[in-house]
Structures are given as structure tokens and as C-alpha cells.
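Q: My questions will all concern the structure given below.
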Amino acid sequence: MFFSLKKKDKFSYIEEGEGQPIVLLHGLMGELSNFSSLTNYYAQRGYKVFAPELPLYSLSVINTNIKNIAKHVANFIEEVVKEPAILVGNSLGGHIGLMVCHRHPEYVKALCLTGSSGLYEKSFGETYPKRGNYEYVERKTREVFYDPTIATKEIVDDVFNTVNDRNKAIKTLYIARDAIKSNMKDDLKDIKMPVCLIWGKQDNVTPPEVAIEFNEELPDASLYWIDECGHAPMMEHPELFNEILYKWLIEKQLDSVTKA
């Protein structure tokens, strides 16, 4: 389904449905379309779904870091959503969600992490400069998924274009390095809201031990596994992902019927 972008001041975002707000946070190489199955599902179940474009490439180089992107999301919740929200973050988006929870807990009711950075992740690594090699980018993109066919030509083309855009490549590198420096291990004990962890058993970017550590360190966490699944469960197994998350929201009395 095609979703139109809304614009308000410095924010560009998708907004669908009515009800309790859910804010979807994409990853470093992610697109808003990565969450299309969630947008449809929750907009039909009494939620108001927001998916903001993160300012990964629009900030100045010196301000391109996790802290400022998280500040952008906090401002988005304050100015656009206008009430505490449920955050759902994949990869870098999960890291951003964690930082918003830690720095601005008043804006967050609950958090769902899937393939989240914040503790440890593998990336393009030292071979990142091979950006001109389409076959290399295609192989690295497909490695993110258990089922490599999920990495369509459109997805691979988007990644290829990103790493071959000098401005985007530089800022991607800045964010990736800052994500490593902005380790949240010591902060997890302070994140008191409920957290749902939905992880691919075959995630080779943020491996299963990362999910286990999140589950052990966060005060109110629930961990769910999806088999035959890599780094983006909401793309590889959207129906199961939605089923797990929706059941958890009901258990935590965060569904539309029991909204406080």
C-alpha cells in the first residue's frame, strides 16, 4: 500500500489510523516502507501509526550522531504526536528508541526492539569503502536477511545509491561509528517502561546474544524469537511479528480497548 508523506516544520512522516500512537523508527539503511505491514496492521486496530523520516543525512556533519537524532524523535513526539507513544525500532531505530526512553521517558509508554543496535552490531566494517562494487553491496545487503530474496533489486539499489552518494556515505560512517561509541549497556537498568524484544534467531548483524543481554539488563523486558529470520523480522515474517507484538500490547494493557 502506498502511504503519502506529511510535512510539518522540519518533520516528514507517515500518519495513518486513529487511536493510541505508535511511532516506527527505521534503521540506518532502512526505509519507511520497511514498516508497511505494521502501518497497515495497527492502523486497522485502533492505533494512530506514525513513521518519521529520521534526519540521517540532513544534519550537519558535526551534529550527525545518535543523540541528536534521538532529540529529533523526542521533538517529533512532542510537536506532532502530542502524547506519550509506543516506540518500535529496528536496528539503528531501536538504538534511537532506547536513547529517547533514557533521556525523555515522559514521551514513551512502551518500546519494541527488533534487531536493535545499542550494545553490539556488525556492519559493513573495514570493507565499507568498496561502495562502487554493486555485486559486493548486493551480497552484503542480502546477508542481512535469512531469506536473501527479501533483498529485492529496489532495496539493493537504494543501499547502493546511499553508499555511492559522498554526503550520505560520510554521514553513514559517522552514525555507524557513533553507534559503537554510544553503547547503552550502563543505561539499560534505568529504562523502566515495558520492552518487547522480537529477534530473528539467525540475525547475524545483532546476533541472538545481543537480545539475551537486552533481556537480562532491561528491568521489564519480554523476549520472543522468530526462527528462519535475520535482522529485520518485520520484513521477513510480518504476520508473525505483528501477532507477537499485538499479543504483548494486550498483555501490557496497551491495546486500543484497554487504553488508559
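The values are calculated or read from the model by the stated rules, or taken from the named source; none is laboratory data. From a predicted model like this one, the values you see are computed outputs, not experimental measurements. Positions of Cβ are generated from backbone atoms using ideal geometry, with glycine treated the same way; all protein chains shown enter the neighbour counts. Heads up: the accessible areas ignore ligands, DNA and RNA and are worked out on the full protein's heavy atoms, side chains in. Shrake-Rupley method; radii C 1.70, N 1.55, O 1.52, S 1.80 Å.
Q: Looking at segment 53-106 only, could you name the residues that are among the small types (G, A, S), surrounded by fewer than 22 Cβ atoms within 10 Å (Cβ to Cβ) and within 27 Å of D165 (Cα to Cα)?
A: The answer is S58, S60.
Q: Under the condition of being under 26 Å from Y224 (Cβ atoms) and at pLDDT below 90, which residue from segment 107-140 is surrounded by the most Cβ atoms within 10 Å (Cβ to Cβ)?
A: Among those that are under 26 Å from Y224 (Cβ atoms) and at pLDDT below 90, it is E121.
Q: Given the structure, is L254 buried (at least 20 other Cβ atoms within 10 Å of the Cβ) and at pLDDT 95 or above?
A: So L254 fails the test.
Q: Another question, if that's okay. State the number of residues belonging to segment 157-200 that are open to solvent by less than 10 Å² (accessible area, probe 1.4 Å), without any contact (Cβ under 8 Å) to a residue 40 or more places away in the chain and among the aromatic types (F, W, Y).
A: 0
Q: When you scan segment 139-159, how many residues do you find that are within 18 Å of S33 (Cβ to Cβ) and in a helix (DSSP H, G or I)?
A: The total comes to 11.
Q: How many residues does segment 20-42 hold that are open to solvent by 30 Å² or more (accessible area, probe 1.4 Å) and without any contact (Cβ under 8 Å) to a residue 40 or more places away in the chain?
A: Counting residues in segment 20-42 that are open to solvent by 30 Å² or more (accessible area, probe 1.4 Å) and without any contact (Cβ under 8 Å) to a residue 40 or more places away in the chain gives 3.
Q: Now a separate question. Return the total of residues in segment 15-47 being at pLDDT 95 or above and closer than 28 Å to K171 by Cα.
A: Of the residues in that region, 5 qualify.
Q: For E213, work out the one condition from (1) buried (at least 16 other Cβ atoms within 10 Å of the Cβ); (2) touching a Lys or Arg at 6+ places or on another chain (Cβ under 9 Å); (3) within 21 Å of G118 (Cα to Cα) it doesn't fulfil.
A: E213 satisfies all of (1) buried (at least 16 other Cβ atoms within 10 Å of the Cβ); (2) touching a Lys or Arg at 6+ places or on another chain (Cβ under 9 Å); (3) within 21 Å of G118 (Cα to Cα) except (1).
Q: For segment 53-82, enumerate the residues that are of a type outside the set (A, V, I, L, M), modelled with pLDDT of 95 or more and in contact with a strand residue (DSSP E or B) (Cβ under 6 Å, 6 or more places away or on another chain).
A: The one that is of a type outside the set (A, V, I, L, M), modelled with pLDDT of 95 or more and in contact with a strand residue (DSSP E or B) (Cβ under 6 Å, 6 or more places away or on another chain): F76.
Q: With respect to T149, is the statement that it is more than 17 Å from the chain's Cα centre (by Cα), polar (S, T, N, Q) and closer than 29 Å to I86 by Cβ true?
A: Answer is no for this residue.
Q: With the requirement that a residue be crowded, with 20+ Cβ neighbours inside 10 Å and in contact (Cβ under 8 Å) with a residue 40 or more places away in the chain, what does segment 216-243 give you?
A: Within segment 216-243, C229, G230, H231, A232, P233, M234, M235, E236, F241 qualify.
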